[in-house]
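Some notes on the structure that comes next.
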Amino acid sequence: MAPEESADAAGLLQSFERRFLAARALRSFPWQSLEEKLRDSSDSQLLLDVLQKTVKHPLCVKHPPSAKFMRCFLSELIKKPSGEAVTLSESTALVSHGTTGLVTWDAALYLTEWAVENPATFTDRTVLELGSGAGLTGLAICKLCRPKAYVFSDCHSQVLEQLQGNVLLNGLSVEPGVTPPRQHPGCDTPDSEKPTVTVAQLDWDLVTAPQLSAFQPDIVIAADVLYCPETILSLVAVLQTLSACRKDRSALDAYIAFTIRNLETCQLFTAELGRAGIRWEAVPRHDQKLFPYEVLSEMGMLKLTL
């Protein structure tokens, strides 16, 4: 970066920092200058620097502003590289229509944070998400991490209906056989830069190896899917099948984020991974949070090698 460009960036970051720490009105932030700089560069480092100077600033970690201010700021910030915010339709009930997949759970927020901080993990790759739920993590990855293709998947028909609606609501087209929606005002991301998006019905107990192989994923992710022994056994079976599909190809990485509700459930998961011959390692925790999720929630994430 040229010296004058570096000085401009430093001044922009300082402006964001001062306004955020003073909890100034969002309209007073230099959004236009940020957007111009992001338009001139494909580097996501500037966004990460803005986050470090605002929601991840040490003072904000120790004395966080209101959750409403944080949400509004992040919603505005995420518009800048993508043209629009991530918009979700969710159920107001934790359990509805016999499923928990109609709301966003904390582990999805945790995985989204990690993805935003590690965009290169997904750039130009095909991502398969198991148990997508409302779709927050996948939508953030599609908008900020530039994957080549993204496969949302879930089992429950009501979840799939809401999930597909959320994908369309965010200006993405679902393939095949879905008419692309009209673009929302301000959504100026060219179609050529958008990933190919699929919404697939995937029953972990019924899916076959050819069906999984057809997705041809480069990376697999899942969030908050370790909530009962039966689900864990089904998930490990799917991961084992995906691993078997890679016989003549390079290893496949999978990232599983979860809320630690009881230690026995997590231990069962790692034990079953061992029985299936799937290697795993813990992913270091985030130092700071971007989302105002439950303070008492304890999160974890594993990286698996399939």
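Working note: Debye formula, equal point scatterers on the alpha-carbon atoms of the stretch 12-80, no solvent; log10 I(q)/I(0) at q = 0.18, 0.19, 0.22, 0.27 Å⁻¹ is -0.63, -0.70, -0.95, -1.41.
Here the Karplus relation 6.51 cos²θ - 1.76 cosθ + 1.60, evaluated at θ = phi - 60°, turns the backbone of the stretch 16-33 into coupling constants of 5, 4, 4, 5, 5, 5, 8, 6, 6, 4, 4, 5, 7, 6, x, 4, 4, 5 Hz, with x for every Gly and Pro.
Where the centre of each part is set by its Cα atoms, how far does the stretch 114-142 sit from the stretch 196-250, in angstrom? Measuring centre to centre over Cα atoms gives 15 Å.
Accessible-area rank, largest first, for His156, His63, His57: His63, His156, His57, with all protein chains present and a 1.4 angstrom probe. Taken about its Cα centre, the stretch 12-80 carries a charge dipole of roughly 360 debye when the Cβ of each Lys and Arg holds +1 and the Cβ of each Asp and Glu holds -1. Length available on full extension from Ser33 to Cys228: 0.36 nm per residue minus the Cα-Cα distance, which gives 65.4 nm.
In this rough spin-label picture, where each label sits 7 Å from Cα along the Cβ direction, the Ala67-Ala7 distance is 4.4 nm.
The values are calculated or read from the model by the stated rules, or taken from the named source; none is laboratory data. Just so you know, these numbers come straight off a predicted model, no measurement behind them. No Cβ is skipped: glycine too gets one built from the backbone with ideal geometry, and neighbour counts run over all protein chains shown. Only protein heavy atoms, including side chains, enter the accessible area calculation; ligands, DNA and RNA are left aside. Shrake-Rupley method; radii C 1.70, N 1.55, O 1.52, S 1.80 Å.
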